[in-house]
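What follows is calculated from the coordinates using simple rules that are stated; it is not laboratory data. All values reported here derive from a predicted model rather than from experimental measurement. Positions of Cβ are generated from backbone atoms using ideal geometry, with glycine treated the same way; all protein chains shown enter the neighbour counts.
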Amino acid sequence: MNKSELLALRYELEALTIDFWHEVDINGGGRAAAYYVDDAVFETSVREYRGRAAIEAFYGRRRDRGERVSLHVLHNFRVEPESDTRVRCQYILSLFAADGVPILPSRPAIMLALVDEVVLKQSDGSWRYESRRIHPQFRDETPTTG
């Protein structure tokens with residue numbers, strides 16, 4: 001893969017990741033499960049969910065808890081192609097979140113984490129997550145919904 005192809009792939013997968021976290025932050029994750037393959041693994045800072053149905057149920061429970069504001073901010077996005085159809089992505093995630101409705105008091109990020117993802121190219125050319133694993137590096141006392 002030449003440099004231009006690698007940069008295009010990085011842009012495409014970073015845009016996918018930004019769209020995913022936008023879905024979580026703006027829509028409460030109502031369509032988040034659609035970003036994963038059927039047997040995907042989603043490991044939050046608290047527990048692991050296996051399969052699209054379990055991921056969908058997690059986001060449903062998250063919405064059922066009531067009002068919550070979250071902003072997932074990505075930094076230092078990297079891609080490591082393993083094949084034409086499988087790519088490993090890594091980035092730093094800053095999570096700003098609290099229960100309630102905006103405008104909430106401003107605080108530092110409640111978590112800084114390293115995120116590892118494996119993304120698979122589908123037969124229609126789209127990309128879906130095979131796995132997403134969140135590895136906290138810094139945390140405060142604010143509970144996450146994981």
Legend entry - Matching residues in region 112-129 - criterion: being over 16 Å from the mean Cα position of the chain (by Cα) and either closer than 21 Å to residue 28 by Cβ or assigned to a loop (DSSP other than H, G, I, E, B) (or both): 122, 123, 124, 125, 126
Inset, instruction - Please give the number of the condition residue 139 fails out of (1) crowded, with 16+ Cβ neighbours inside 10 Å; (2) touching a Ser or Thr at 6+ places or on another chain (Cβ under 8 Å). - result: (1)
Inset, instruction - Tell me which of these residue 12 doesn't satisfy, since it passes every other one: (1) surrounded by 12 or more Cβ atoms within 10 Å (Cβ to Cβ); (2) part of a helix (DSSP H, G or I); (3) touching a helix residue (DSSP H, G or I) at 6+ places or on another chain (Cβ under 8 Å). - result: (3)
Inset, instruction - Could you tell me which numbered condition residue 70 fails, if it satisfies all but one of (1) in contact (Cβ under 8 Å) with a residue 40 or more places away in the chain; (2) surrounded by 15 or more Cβ atoms within 10 Å (Cβ to Cβ); (3) under 23 Å from residue 130 (Cβ atoms)? - result: (3)
Inset, instruction - Taking the options 78, 47, 52, name whichever one is in contact with a strand residue (DSSP E or B) (Cβ under 8 Å, 6 or more places away or on another chain), in contact (Cβ under 8 Å) with a residue 40 or more places away in the chain and among the charged types (D, E, K, R). - result: 78
Legend entry - Among (1) of a type in the set (A, V, I, L, M, F, W, C); (2) touching a residue at least 40 places away in the same chain (Cβ under 8 Å); (3) closer than 22 Å to residue 136 by Cα, the one test that residue 37 misses: (3)
Legend entry - Unmet requirement for residue 102, which otherwise passes all of (1) surrounded by fewer than 11 Cβ atoms within 10 Å (Cβ to Cβ); (2) within 17 Å of residue 10 (Cβ to Cβ): (2)
Inset, instruction - Return yes or no: is residue 109 of a type in the set (Gly, Ala, Ser) and in a strand (DSSP E or B)? - result: no
Legend entry - Positions within region 81-103 being assigned to a strand (DSSP E or B) and either closer than 21 Å to residue 65 by Cβ or of a type in the set (Val, Ile, Thr) (or both), in sequence order: 87, 92, 93, 95, 96, 97, 98, 99
Inset, instruction - Being charged (D, E, K, R), assigned to a strand (DSSP E or B), crowded, with 16+ Cβ neighbours inside 10 Å and under 15 Å from the mean Cα position of the chain (by Cα) narrows it down to one of 62, 78, 132, so name that one. - result: 132
Legend entry - Filtered residues of region 15-51 (kept if surrounded by fewer than 18 Cβ atoms within 10 Å (Cβ to Cβ), assigned to a loop (DSSP other than H, G, I, E, B) and touching an Asp or Glu at 6+ places or on another chain (Cβ under 8 Å)): 30, 31, 51
Inset, instruction - Of the conditions (1) in contact with a Phe, Trp or Tyr (Cβ under 9 Å, 6 or more places away or on another chain); (2) more than 17 Å from residue 20 (Cβ to Cβ); (3) touching a residue at least 40 places away in the same chain (Cβ under 8 Å), residue 98 clears all except one; give me its number. - result: (1)
